[in-house]
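Working notes, beginning with the structure itself.
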Amino acid sequence: MTSRAAQQAIVVRGLRKSFGDKVVLDGIDLDVAQGSVFSLLGANGAGKTTTVKILSTLVAAGGGRAEVAGHDVATDPDAVRAAIGVTGQFSAVDNLLTGEENLRLMADLNHLSTKDGRRVVAELLERFGLTEAARKPASTYSGGMRRRLDLAMTLVGDPRVIFLDEPTTGLDPRSRRGMWQIVRDLVAGGVTIFLTTQYLDEADELADRIAVLEGGRLVAEGTPEELKRRIPGGHVRLQFAEPGDVRTAQRILGGDAHADGDALALRVPNDGSLRSLKALLDRLDDESIAVDGLSVHTPDLDDVFLALTGDSGLEKVTNR
Amino acid sequence: MTTAVASHPLRDSTTMVRRNLKRMLRYPSMTVPLIAMPVLLLLLFVYVFGGTLGAGLGGASGGRAEYVNYVVPAILVITVSTVVQGTAISVAMDMTEGIVARFRTMSIARVSVLTGHVIGSLIQALLSLAVVTGVALLIGFEPRGSVGDWFALVGVLAAVTFALIWFTVAIGQASQSVEAASNLPMPLMFLPFLGSGFVPTDSMPDGVRWFAEHQPFTPIMESIRALLMDRPLGNDLWIALAWCAGIALVGYVWAKRLYNRTA
């Protein structure tokens, strides 16, 4: 266990938590390698935030054990706190203080010397594009700026493991991308990131490994590619104008084609490449079948997520 | 295995006190009314009600001049009540803004978050008390206590403030919202009226009088009055200090428990 813990930033075994009668975590196991991004994916209420709260020593586990940075969260919480940084879903900044003062507060609480504190604060303000707003109260910041300040405050202590609980929820697309870049830079610096999100593209974009949490249990775990392989491949949806065309198309395409929803559409397995699309359209063209519309569906983490969490009736569509 | 992580309770508490004082300066719309309120009450009671109430006291000089000297202890206690109402609001703001969750996940002396509020509010209370006393002196308050009495007075006021702050630090944590936190300590504003603060208790009907004589603010106000006006203290001081110790202890234990709960 010890040698293993040396390489794993986070080790969780049989973690449980209930609030009253409501079981929030029903025995989960996790291993997060040092220097990697691990994403915990789940819908609202799946137990993501509770997991982060337990791992960051805010809440006591109901059962099982968890080690973060080699320290047990239950028996040695202060050592865990010294190694981690947490940026939650709701910005934990002091609204009445300026951005700079918030960072100075963190420098003081991390017991940096005045000189080091000043340097670190100036660096972080610069790095997070907050230098101009440094002397304004945090209450006047935009959502993206607050989230950046929040993360900058987390970084003052130079944590080895960072928990990001839904770091981009409520941010506009530009701020989201900015946040992603910051996360990538952090990982490049050797930090371990434990990221919770309900956005699959975010997990796909950032994570080395993903675990899907549903009803307090892990229903899948693996790399984004492994998870995508677990669900059926892509297909093309063909839309026709005439019922006659549907019948003809179904005859020439054989058993591959299935009626899809309404009577004028067919679903045909297809990897979505140009070559196979052209082959498909050529076959229909040879029979002079008029195709009214076409859309390509590639499997993405949305499909995985929905398939795994039992809402497979919904599908994400990529129109081409 | 427990790893020793260096603890800096003093440094962390100092940082938190600085933070709280800074917040008070940044939030004048809350801080200024907290000082203005007791000053306005003082002016109201002296200049509007003071003539009649003072006549009822039956003292040698009578009237308004007599009443200023009578009412100042009550106003000082109300000053403390007002400041601690701000404490409750400030603690509740911290709790709802999520910054306390951040502090809890940091390796800092746990008590420092609460001591920051307690000491910050204590400083604010002493400043407010000085302002209110200054205004009282300007409008004719004539204290007769010795230098030793004044030291004792500061001690009593500090004890009352300390006790009520711990109590409201707990209330601030227990309230689910900032609004609730600003309403819950209201009785602290009201209780001096239901005691010997504004009129002597022997003018009250039996039931009210019984309550007025047995509630904690009466011995506190009587002690302050005795020290200010160089009158015999009797048992009031010890009863007052016992109440303060009790309230402080309950508040402290309650506040600590709320802060450390991890469920």
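Laboratory data are not the source of any read-out in this text; all were calculated from the coordinates shown. What you see is a predicted model, and the numbers here were worked out from it, not measured in a lab. Cβ sites come from the backbone with ideal geometry, for glycine too, and all protein chains shown count toward neighbours.
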**Fill in**
Checking rank on B:31-37, A:40-46, with mean other Cβ inside 10 Å and highest first, the result is A:40-46, B:31-37
**Fully extended contour minus Cα-Cα distance, from A:THR248 to A:ALA263, at 0.36 nm per residue** = 4.1 nm
**Complete:** For chain B the mean separation of alpha carbon contacts under 8 Å (6+ apart) over residue count, i.e. relative contact order in percent, is 24
**Request:** List the aspartates and glutamates whose Cα lies under 13 Å from the Cα of A:LYS278, skipping any in the same chain that are fewer than 8 positions away.
**Result:** A:ASP286
**Charge tally in the Cβ shell below 13 Å around A:ALA134, where Lys, Arg are +1 and Asp, Glu are -1, A:ALA134 excluded** = +1
**Spatially proximal lysines relative to B:LYS256 (Cα-Cα < 29 Å; intrachain offsets below 8 disregarded)** = A:LYS17, A:LYS22, A:LYS48, A:LYS53, B:LYS22
**Prompt:** Rounded, prolate or oblate: which one fits region A:1-113, using the alpha carbon gyration tensor with axes a ≥ b ≥ c (rounded when a/c is under 1.5, else prolate when a/b beats b/c, else oblate)?
**Reply:** oblate
**Request:** Give the Kirkwood hydrodynamic radius (Å, one decimal) of region A:71-217, defined as one over the mean of 1/r across all pairs of different Cα atoms.
**Result:** 16.0
**Item:** Most positive-pole-ward Cα, B:PRO200, B:SER182, B:VAL68, against dipole of region B:12-260 from beta carbon charges
**Value:** B:SER182
**Prompt:** Rounded, prolate or oblate: which one fits region B:179-252, using the alpha carbon gyration tensor with axes a ≥ b ≥ c (rounded when a/c is under 1.5, else prolate when a/b beats b/c, else oblate)?
**Reply:** oblate
**Cut-off of 10 Å, at most 16 other beta carbons, DSSP loop: longest stretch of chain B lacking such trypsin sites (Lys or Arg not before Pro)** = B:1-143
**Item:** Gain upon complete extension [B:ARG144, B:GLN176; 0.36 nm per residue less C-alpha separation]
**Value:** 7.0 nm
**Message:** Using 0.36 nm times the number of residues separating B:ARG18 and B:VAL253, minus their current alpha carbon distance, what extension gain do you get?
**Reply:** 82.2 nm
**Request:** Work from the charge dipole of chain A (Cβ charges, +1 for Lys and Arg, -1 for Asp and Glu, about the Cα centre) and give the residue of A:PRO77, A:SER273, A:ALA307 farthest towards its positive end.
**Result:** A:PRO77
**Rounded FRET efficiency, nearest 0.05, which uses the C-beta distance separating A:ARG13 from A:GLN34 and R0 of 22 Å** = 0.80
**Asked** Hey, quick one: spin label on A:ARG119, modelled 7 Å out along Cα-Cβ, who in region A:126-154 has an amide N within reach, i.e. under 15 Å?
**Response** none
**Message:** With both bridge residues required to lie in chain A, what share of the DSSP beta bridges run antiparallel, to the nearest 5%?
**Reply:** 65
**Request:** Count, for each residue of B:184-191, the Cβ atoms from other chains sitting within 10 Å of its Cβ, then give me the mean as a whole number.
**Result:** 0
**Prompt:** What spacing in nm lies between the two simple spin-label points modelled at A:GLU132 and A:SER295, each 7 Å away from Cα in the Cβ direction?
**Reply:** 4.0
**Item:** Candidates B:THR168, B:THR82, B:THR96, ranked by Gaussian network fluctuation over chain B, Cα under 10 Å, top entry
**Value:** B:THR96
**Request:** Of all alpha-carbon pairs in chain B, indicate the percentage at a distance above 29 angstrom.
**Result:** 34
**Asked** Where is the GNM fluctuation largest for chain B (alpha-carbon springs, 10 angstrom cutoff): B:PRO187, B:PRO73, B:PRO38?
**Response** B:PRO187
**Fill in**
The local net charge around A:GLY216, scoring Lys/Arg +1 and Asp/Glu -1 for residues other than A:GLY216 whose Cβ lies under 11 Å from its Cβ, equals +3
**Item:** Peptide-level mean, for B:103-115, of C-beta atoms on other protein chains within 10 Å
**Value:** 6
**Message:** Let's see if you can work this out: charge +1 on each Lys and Arg Cβ, -1 on each Asp and Glu Cβ, no other charges. What is the dipole magnitude of the protein assembly as shown about its Cα centre, in debye to the nearest 20?
**Reply:** 1480
**Fill in**
Rounded to the nearest 10, the angle in degrees between the Cα long axis of helix B:147-174 and the longest principal axis of the Cα atoms of chain B comes to 50
**Cα gyration tensor, the protein assembly as shown - rounded (a/c under 1.5), prolate or oblate** = prolate
**Prompt:** Do the sum for chain A: with -39,500 (n - 2.57) for every DSSP H run of n ≥ 4, divided by all residues, what is the mean residue ellipticity at 222 nm, to the nearest 500 deg cm²/dmol?
**Reply:** -11000 deg cm²/dmol
**Message:** What does the net charge come to around B:GLY56 if you take all other residues with beta carbon closer than 15 Å to its beta carbon, with K and R at +1 and D and E at -1?
**Reply:** -1
